[in-house]
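For reference, the structure is listed below as structure tokens.
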Ligand code: UDP
């Protein structure tokens, strides 16, 4: 039996128990959407679910997916569920192509069968690889350096063909470095193992165990890598705006989500020291294979197309909210 829900627009969020997915569920609920989460909980957290229906399942399980589309009627899908560790993808590409590509295509098949024709996709700056110039526009060549990035490019390209053949319109949102946490302190970044810089720098401040800076001989002002950090609540807002834009007829597109400003690894360490009042011990190590020196977004298109601009992404706010989240039991 199909459950007809309230007159509000109804959306399926794959990976809604994860870091960016759960922050987006919060923003969707605040914007009045009805939300159902589909998540296998391999990386997601049941405590991030926020009272919406949770279907536990894998994207490769077409039966489970088709049951979801039979039980509920959706206007759109937001697709976050994905493996997302660049290093792991180099060692185990099979996992990335099976889960991100095959799993994603299984989702698209179910959408086509159910007649759901709008999708917002979690893409990544990893689609660009080592850019020729920064800031990076959306028109830059897609030359990923890892199976993770390749899986995102593949899915973006598949989406173009699903539009041509089935009229499925999409917005691929290419995140730069997602960071920070919801100000409520109830949602935040919780990866195991954690590989991301800001949580690791905060951990070093809390434990006194040094963090390793991956290389200090890059062609950047202080020799360490520069990244464009964007607050997860700003990413969440962009998804809500992308959904609205699709409902208003936006054509399939891909948009960068970043701030346009870059910070070095050493600047991040300094910001954490300032916010926490603690010293961050660090060592200088080897470069991490595949790390470009500078990744900064050109983000004018997201502003033009969605009317989006980041409002929580000062480095101070990112680090303060992340610090509050990670030190909540400290
Ligand atoms: N980084 C580092 N030490 C760490 C983890 C990360 O120096 O223990 C650097 C990494 O080389 C990159 C930046 O911090 O330049 C951000 O890395 P992260 O893994 O957070 O995101 P990525 O840019 O790889 O998506």
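The set of residues in the stretch 268-291 being in a loop (DSSP other than H, G, I, E, B), touching a strand residue (DSSP E or B) at 6+ places or on another chain (Cβ under 9 Å) and within 25 Å of residue 145 (Cβ to Cβ) consists of 286, 287, 288, 291. Across the stretch 240-260, the qualifying residues are those that are assigned to a loop (DSSP other than H, G, I, E, B) and touching a residue at least 40 places away in the same chain (Cβ under 8 Å), and the one among them that is nearest to the chain's Cα centre (by Cα) is 258.
Kindly provide the set of residues from the stretch 19-63 that are more than 28 Å from residue 245 (Cα to Cα), touching a strand residue (DSSP E or B) at 6+ places or on another chain (Cβ under 8 Å) and in contact (Cβ under 8 Å) with a residue 24 or more places away in the chain, ordered by number. Let's see the steps before the verdict.
Kept after step one, since they are more than 28 Å from residue 245 (Cα to Cα), are these residues of the stretch 19-63: 40-43, 45-47, 56-58, 60-63.
Checking which are touching a strand residue (DSSP E or B) at 6+ places or on another chain (Cβ under 8 Å) leaves us with 40-41, 46, 56-57.
Correct list: 40, 41, 46.
Checking residue 183 against (1) within 27 Å of residue 299 (Cβ to Cβ); (2) more than 10 Å from the ligand (Cβ to nearest atom); (3) surrounded by 22 or more Cβ atoms within 10 Å (Cβ to Cβ), only one condition comes out false. Which one? In the conditions (1) within 27 Å of residue 299 (Cβ to Cβ); (2) more than 10 Å from the ligand (Cβ to nearest atom); (3) surrounded by 22 or more Cβ atoms within 10 Å (Cβ to Cβ), residue 183 misses (3) alone. Yes or no: residue 144 within 16 Å of the ligand (Cβ to nearest atom) and under 19 Å from the mean Cα position of the chain (by Cα)? For residue 144, the condition - within 16 Å of the ligand (Cβ to nearest atom) and under 19 Å from the mean Cα position of the chain (by Cα) - is met.
Just name the residue that is surrounded by the fewest Cβ atoms within 10 Å (Cβ to Cβ) out of those in the stretch 202-227 that are farther than 21 Å from residue 88 by Cα and within 8 Å of the ligand (Cβ to nearest atom). Explain how you work it out, then say what you get.
Residues of the stretch 202-227 that are farther than 21 Å from residue 88 by Cα, as a first pass: 202-210, 216-224, 226.
From the residues that got through so far, the ones that are within 8 Å of the ligand (Cβ to nearest atom) too are 224, 226.
Values: 224: 22, 226: 20.
This residue is 226.
For the stretch 47-146, the helices (runs of 4 or more DSSP H) that sit wholly inside it and include 2 or more residues that are more than 25 Å from residue 24 (Cα to Cα) and modelled with pLDDT under 95 are 86-91.
Would you confirm whether or not the stretch 272-279 contains a residue that is in contact (Cβ under 8 Å) with a residue 12 or more places away in the chain, under 22 Å from residue 141 (Cβ atoms) and surrounded by 19 or more Cβ atoms within 10 Å (Cβ to Cβ)? Within the stretch 272-279, none of the residues are in contact (Cβ under 8 Å) with a residue 12 or more places away in the chain, under 22 Å from residue 141 (Cβ atoms) and surrounded by 19 or more Cβ atoms within 10 Å (Cβ to Cβ). Against the definition (over 27 Å from residue 9 (Cβ atoms) and out of contact with any strand residue (DSSP E or B) (no Cβ under 8 Å at 6 or more places or on another chain)), how does residue 195 come out, yes or no? Spelling it out, residue 195 is indeed over 27 Å from residue 9 (Cβ atoms) and out of contact with any strand residue (DSSP E or B) (no Cβ under 8 Å at 6 or more places or on another chain).
The values are calculated or read from the model by the stated rules, or taken from the named source; none is laboratory data. Quick caveat: nothing in here was measured; it's all calculated off a predicted structure. For neighbour counting, all protein chains shown are included, and Cβ atoms are generated from backbone atoms with ideal geometry for every residue, glycine included.
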